[in-house]
Amino acid sequence: MPSKRSKKSQPNSSEGKVSVNNPQNPHDKSFPVVGIGASAGGLDAFTQLLNHLPIDTGMAFVIIQHMPADQISALSEILARSTQMPVQEAQDGMTIAPDQVYVIPPNASLTIAQGVLKLTPRPTQKSVFMSVDAFLLSLAEERGNKAIAVILSGADSDGTRGLEAVKAAGGITFAQCRETAQVESMPNTAIATGEVDFELPPEQIAQKLVEISHCSYLADEMPVESQVSPVAPDAQQALTVIFNLLKRTSGVDFTHYKQTTLSRRFQRRMVLYKLERLEDYAGYLQSNPAEVMALYQDCLIHVTSFFRDADSFEMLKTLVFPVITKDKSPGTPLRVWVAGCSTGEEAYSIAICLLEFLADQVPRVPIQIYATDISESAIEHARNGIYSPSQVADVSPGRLHQFFVKVEGGYQISRSVRELCVFARQNLVGDPPFSRLDLITCRNVLIYLGNALQKKLLPVFHYGLRPSGFLMLGTSETVGDFIDLFTLRDKKNKIYSKKATSTRPAIELTSSSYASKIINPQPLAPDHFPNDLELQREADRIVLHQYAPAGVVINQDLEILQFRGQTSPYLEPAPGRASLNLLRMTKDPLRRELQSMIHQAKQQNLPMKRDGLQVRNGDRFRQVTIRVTPFRVRDTQECFLVLFEDASIVEVPVVESPSPNRKTREAQEIARLKQELATSREHLQSIIEEQQATNQDLRAANEEILSSNEELQSANEELETAKEEIQATNEELNTVNDELRRRTQEATQVSNDLQNLLNSIHIPILMLGADLQIRQFTPVMEGIFNLISTDIGRPLSDITNKLNVPNLEQQILEVIRTLNLRTQEIQDRDGHWYHLRIRPYRTIDNKIDGAVLVLIDIDDLKRSNAQLMEARDYADAIVETVWEPLLVLNGSFRVITANQPFYDKFQVSPLQTEQYSIFELGNGQWNIPQLRSQLEGIVASNAQFQDFEVEHEFEQIGRKVMQLKARKVPTSDNTQMILLAIDDITA
């Protein structure tokens with residue numbers, strides 16, 4: 001595994017690559033650029049990744065880190081310690097170069113264009129700014145297949161859109177694995193898209209980057225369609241195999257898609273498996289069916305966003321919508337087809353624009369939007385209509401509030417917009433098209449299709465449009481040779497209107513061959529003989545069916561749960577919508593009585609019975625007794641058993657004839673009617689009371705709900721604000737925590753280094769705080785001040801030292817006060833000599849925070865000086881005891897000293913002699929050329945002379961004859977010294 005130490009031994013080939021890549025050329029796109037995005041927990045991930053990268057990958061690295069807008073960042077300085085590559089903070093207009101690291105500054109948006117970094121102020125109107133997405137989107141457009149996206153630890157979903165764009169452009173994508181990410185949200189959201197090629201720890205991401213840096217896929221230039229060279233026969237056969245495998249698995253024939261795009265997709269997949277030849281990859285596909293599906297998903301490019309190219313949607317409102325809505329009746333829907341809708345953002349964007357355009361129109365025209373795509377997974381995503389915060393980052397706050405609903409993990413399209421759109425899988429060149437359309441949008445689809453498929457597809461669009469219909473293509477697409485079918489209405493946004501033709505263009509559709517699903521029929525259960533329990537159940541069923549009264553089991557909402565026996569004489573389905581409500585199915589004569597009985601049974605929780613009820617059955621009246629019995633199931637669900645019992649059947653006379661019993665029958669009928677009236681009144685009164693109580697409860701509940709709703713809305717707004725603040729604070733705290741952790745590690749390292757330094761030097765050192773408390777000391781100081789390790793933090797006054805310095809603490813305080821260095825020579829109680837230095841303790845920011853005591857052992861030096869002094873005194877004593885006058889001269893023949901007999905003999909003083917040249921003494925009695933010559937000989941050749949006579953008239957003593965002797969005196973420091981002896985030999 002690479003390390004910092006090993007990097008130093010690696011050859012730095014970046015210089016050679018610089019000259020080839022020519023980083024000074026802003027249009028140079030020959031080297032890959034790696035965009036690395038992270039947020040909370042990203043500092044450790046950045047450090048691990050850079051620490052394992054060599055210095056000669058030939059790639060440029062751009063680091064995008066979330067950080068507070070008002071924070072001064074030291075990220076570039078911190079990361080510079082983890083790599084030998086140059087690390088610098090990005091500046092506006094800076095040209096990127098390989099083997100260098102660029103770090104985004106705070107409060108800025110960073111993009112790249114033509115090899116030059118662009119810095120713009122960070123937007124302030126959005127609550128969440130997706131800085132990683134902004135850079136990766138520009139990187140995908142700038143570098144294409146040489147773009148590499150890496151998403152590391154962080155919160156939120158920033159980077160997902162940019163990573164998808166890099167993948168769509170043919171680049172390679174990485175995400176930090178869940179096990180190593182401190183905060184999983186950013187990498188997990190990227191991984192959930194299915195667009196991540198490698199999910200690895202940071203150090204393995206670095207190793208994989210080194211591997212792919214040598215691949216030809218990143219080294220070669222992207223060819224244009226006209227520059228495609230003929231394919232070798234072996235490679236052509238491999239392509240045929242790959243196309244057949246794709247068609248067999250997905251039902252899509254890629255033969256006539258853009259070959260350059262497909263080739264880059266194939267090469268990109270080959271890089272992932274370290275395969276160099278297309279033939280090897282075809283063999284790998286044959287043995288790995290899962291890779292065939294992965295390649296199919298890779299060939300489908302899903303690059304989209306809400307209101308992509310905003311000017312195009314404004315032009316729809318200005319140019320297209322007024323035309324297609326003109327003279328539309330309320331019963332005629334507005335029909336739109338979004339071909340190649342991907343994950344639905346464009347379809348929903350058009351729906352929102354239509355709703356905004358038709359907001360003031362009454363009555364509103366119905367809207368039908370058909371959105372199709374060849375990818376089933378993309379269609380499922382579009383149907384769900386749930387998007388991450390990064391995917392709705394370009395939606396204005398007003399639209400976000402009106403047309404989206406906040407859900408867990410993002411936003412969901414509102415029902416009013418969702419109901420306008422129908423999503424379906426469709427192969428544009430194989431499945432039948434929609435017809436009678438007012439608008440077709442097919443943006444950024446034709447650029448991936450070959451000329452043959454384009455020529456098939458454009459007549460299909462012409463067929464599907466109404467005479468006044470419009471076609472909108474991508475900004476880099478045209479109708480090509482079909483200018484006779486469409487009229488260009490807006491050149492910038494590629495909006496065309498249908499042109500009338502005398503003959504219908506020929507439409508050629510290729511049958512789709514989607515993979516079919518085989519449904520296996522369920523095997524029939526084997527025959528078996530009934531057991532005793534089954535026989536008993538069947539017998540009970542027959543008895544209950546023939547002899548038990550008919551009835552039903554209902555719940556508390558009067559919904560029928562079970563029918564028992566023949567209930568058709570009493571119940572019948574009501575016309576209209578199917579319902580199992582008992583009251584709707586009960587025949588009219590029994591309905592009011594049954595409703596009243598159920599209400600009383602529910603209120604009193606007792607069985608209820610009514611006799612003598614009549615129900616008409618053809619030309620007869622049936623006397624019916626109804627029983628309602630309440631019961632509970634598992635002590636939770638309240639149910640009712642309703643039974644219908646026949647009493648007798650009464651014939652209805654066709655013609656009434658006078659009879660003696662007529663009055664009796666009339667009296668019975670009147671009594672029955674009175675009973676029904678009393679029952680109805682009783683039931684009506686109970687309903688009125690129940691309704692009043694219910695209204696009162698509803699009114700109170702409504703007031704409570706309104707109040708609670710206001711409180712919840714206010715609390716929700718406060719919680720949303722607090723959540724955003726907490727998220728922002730959490731991001732800042734995570735970043736600060738990372739830097740503090742890094743600084744703590746550095747402080748620990750410095751402390752370790754200092755401790756090892758103090759333990760290694762043999763000089764007594766004592767560090768004191770401003771309050772004279774002990775901070776640190778070297779082991780040598782322990783014996784002098786009687787210190788142990790637990791004395792750190794104790795005042796110096798508590799410690800008894802061996803030094804003979806009575807006012808030591810006062811001297812230390814004086815140094816701290818005056819900031820002046822104090823030195824002196826001292827002795828300890830054992831007589832050992834030290835040179836004491838007391839200097840102020842200065843912090844990094846040049847503040848005084850104590851003092852440092854240093855003791856230098858000078859005992860040997862002092863003893864040597866004493867010995868020298870003793871030797872000198874001994875020599876002086878010898879010289880003084882000699883009767884002859886003596887002079888000591890230096891190399892310039894100046895008198896260093898003389899003994900007392902010299903001063904007595906010649907009657908001169910030391911002031912008249914010492915430091916004077918011998919030739920200047922007296923009246924020049926010694927200024928003799930021969931004497932000068934003799935002395936110069938001694939200096940030059942260590943010679944000596946004696947018996948040199950000088951006769952002269954001396955000033956004080958008269959004429960004398962002196963005999964001179966001289967020799968060189970050896971010294972330890974090679975100083976020139978001559979000893980001259982004078983003897984008076986005057987007769």
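The values are calculated or read from the model by the stated rules, or taken from the named source; none is laboratory data. Bear in mind the structure is a predicted one, so any value in this text is a computation, not a measurement. Cβ placement follows ideal geometry from the backbone for every residue including glycine, while neighbour counts extend to all protein chains displayed. These accessible areas exclude ligands, DNA and RNA; they are computed on the full protein's heavy atoms, side chains included. Shrake-Rupley method; radii C 1.70, N 1.55, O 1.52, S 1.80 Å.
Of all residues in region 917-926, which are loosely packed, with under 15 Cβ neighbours inside 10 Å and assigned to a loop (DSSP other than H, G, I, E, B)?
ASN923, GLY924, listed by residue number.
For SER349, are the conditions met, namely being under 30 Å from GLY430 (Cβ atoms) and surrounded by 19 or more Cβ atoms within 10 Å (Cβ to Cβ)?
So SER349 fits the description; yes.
Criterion first (modelled with pLDDT of 90 or more and open to solvent by 60 Å² or more (accessible area, probe 1.4 Å)) does GLN773 satisfy it?
yes
What do you reckon, is ARG143 assigned to a helix (DSSP H, G or I), closer than 22 Å to TYR448 by Cα and under 17 Å from the mean Cα position of the chain (by Cα)?
no
Within region 248-276, which residues are over 36 Å from the mean Cα position of the chain (by Cα) and open to solvent by 20 Å² or more (accessible area, probe 1.4 Å)?
Selection gives ARG248, ASP253, THR255, HIS256.
Among the residues that make up region 453-460, is at least one of them within 20 Å of VAL252 (Cα to Cα) and surrounded by fewer than 17 Cβ atoms within 10 Å (Cβ to Cβ)?
Looking through region 453-460, at least one residue is within 20 Å of VAL252 (Cα to Cα) and surrounded by fewer than 17 Cβ atoms within 10 Å (Cβ to Cβ).
Here's the yes/no breakdown for (1) of a type in the set (S, T, N, Q); (2) modelled with pLDDT under 90; (3) assigned to a loop (DSSP other than H, G, I, E, B):
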{"site": "PRO363", "(1), (2), (3)": "no, yes, yes"}
{"site": "GLU380", "(1), (2), (3)": "no, yes, no"}
{"site": "ASP394", "(1), (2), (3)": "no, yes, yes"}
{"site": "GLY398", "(1), (2), (3)": "no, no, no"}
{"site": "GLN402", "(1), (2), (3)": "yes, no, no"}
{"site": "ALA424", "(1), (2), (3)": "no, yes, no"}
{"site": "VAL429", "(1), (2), (3)": "no, yes, yes"}
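Working carefully through the options GLU356, GLU346, find the one that is of a type outside the set (Gly, Ala, Ser), at pLDDT 85 or above and under 22 Å from GLU195 (Cβ atoms).
Of GLU356, GLU346, the one residue that is of a type outside the set (Gly, Ala, Ser), at pLDDT 85 or above and under 22 Å from GLU195 (Cβ atoms) is GLU346.
So, in region 885-912, of the ones that are in a loop (DSSP other than H, G, I, E, B) and touching a helix residue (DSSP H, G or I) at 6+ places or on another chain (Cβ under 7 Å), which residue ends up nearest to THR971 (Cα to Cα)?
Looking at residues that are in a loop (DSSP other than H, G, I, E, B) and touching a helix residue (DSSP H, G or I) at 6+ places or on another chain (Cβ under 7 Å), I get GLY891.
Test ARG794 against the criterion of being buried (at least 16 other Cβ atoms within 10 Å of the Cβ) and among the charged types (D, E, K, R), and give yes or no.
Judged against the criteria, ARG794 is not a match.
Every residue, every condition in (1) in the same structural domain as GLY474 (by the TED database); (2) over 28 Å from GLN297 (Cβ atoms); (3) of a type in the set (Lys, Arg), yes or no:
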site: CYS353; (1), (2), (3): yes, yes, no
site: ALA359; (1), (2), (3): yes, yes, no
site: ARG364; (1), (2), (3): yes, yes, yes
site: ILE369; (1), (2), (3): yes, no, no
site: ARG399; (1), (2), (3): yes, yes, yes
site: SER416; (1), (2), (3): yes, yes, no
site: PHE434; (1), (2), (3): yes, no, no
site: LEU439; (1), (2), (3): yes, yes, no
site: TYR448; (1), (2), (3): yes, no, no
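Being in contact with a helix residue (DSSP H, G or I) (Cβ under 9 Å, 6 or more places away or on another chain) and open to solvent by 20 Å² or more (accessible area, probe 1.4 Å): is that true of GLU179 here?
no
For region 391-434, which positions are open to solvent by 30 Å² or more (accessible area, probe 1.4 Å), under 25 Å from ALA190 (Cβ atoms) and either among the hydroxyl-bearing types (Ser, Thr, Tyr) or without any contact (Cβ under 8 Å) to a residue 24 or more places away in the chain (or both)?
If the condition is that a residue be open to solvent by 30 Å² or more (accessible area, probe 1.4 Å), under 25 Å from ALA190 (Cβ atoms) and either among the hydroxyl-bearing types (Ser, Thr, Tyr) or without any contact (Cβ under 8 Å) to a residue 24 or more places away in the chain (or both), then LEU400, VAL405, LYS406, VAL407, GLU408, GLY409, TYR411 are the ones that fit.
Taking the options THR120, THR111, name whichever one is open to solvent by 20 Å² or more (accessible area, probe 1.4 Å), in the same structural domain as THR160 (by the TED database), within 21 Å of SER396 (Cβ to Cβ) and part of a strand (DSSP E or B).
On inspection, the qualifying residue turns out to be THR120.
For region 447-459, indicate whether the set of residues that are among the β-branched types (Val, Ile, Thr) and within 24 Å of PHE306 (Cα to Cα) is non-empty.
Yes, region 447-459 contains a residue that is among the β-branched types (Val, Ile, Thr) and within 24 Å of PHE306 (Cα to Cα).
Matching residues to (1) open to solvent by 80 Å² or more (accessible area, probe 1.4 Å); (2) modelled with pLDDT of 80 or more; (3) in a strand (DSSP E or B):
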position	(1), (2), (3)
ALA601	no, yes, no
ARG610	no, yes, yes
PRO630	no, yes, yes
ALA647	no, no, yes
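From ARG837, ARG742, which residue is at pLDDT below 90 and among the basic types (Lys, Arg)?
Going through ARG837, ARG742 in turn, the sole match is ARG742.
Identify the single condition in (1) within 18 Å of ARG672 (Cβ to Cβ); (2) modelled with pLDDT of 80 or more that GLU656 does not satisfy, given that it satisfies every other one.
Only one criterion is unmet by GLU656, namely (2).
Does region 383-435 hold any residues that are closer than 18 Å to ASP133 by Cβ and of a type in the set (Asp, Glu), and which are they?
Scanning region 383-435 gives a single hit, ASP394.
Return yes or no: is ALA550 in the same structural domain as LEU613 (by the TED database), small (Gly, Ala, Ser) and surrounded by fewer than 16 Cβ atoms within 10 Å (Cβ to Cβ)?
Taking the combined requirement at face value, the residue does not satisfy it.
Suppose we keep only residues that are open to solvent by less than 20 Å² (accessible area, probe 1.4 Å) and of a type in the set (Ser, Thr, Tyr) within region 294-324. Which one would you say is farthest from ASP394 (Cα to Cα)?
TYR296
Where the second residue is basic (Lys, Arg) and the first is farther than 16 Å from SER185 by Cβ and lies in region 725-751, which pairs have Cβ atoms under 9 Å and are six or more apart or on separate chains?
Final answer for the pair search is ARG742/ARG81; GLU746/ARG81.
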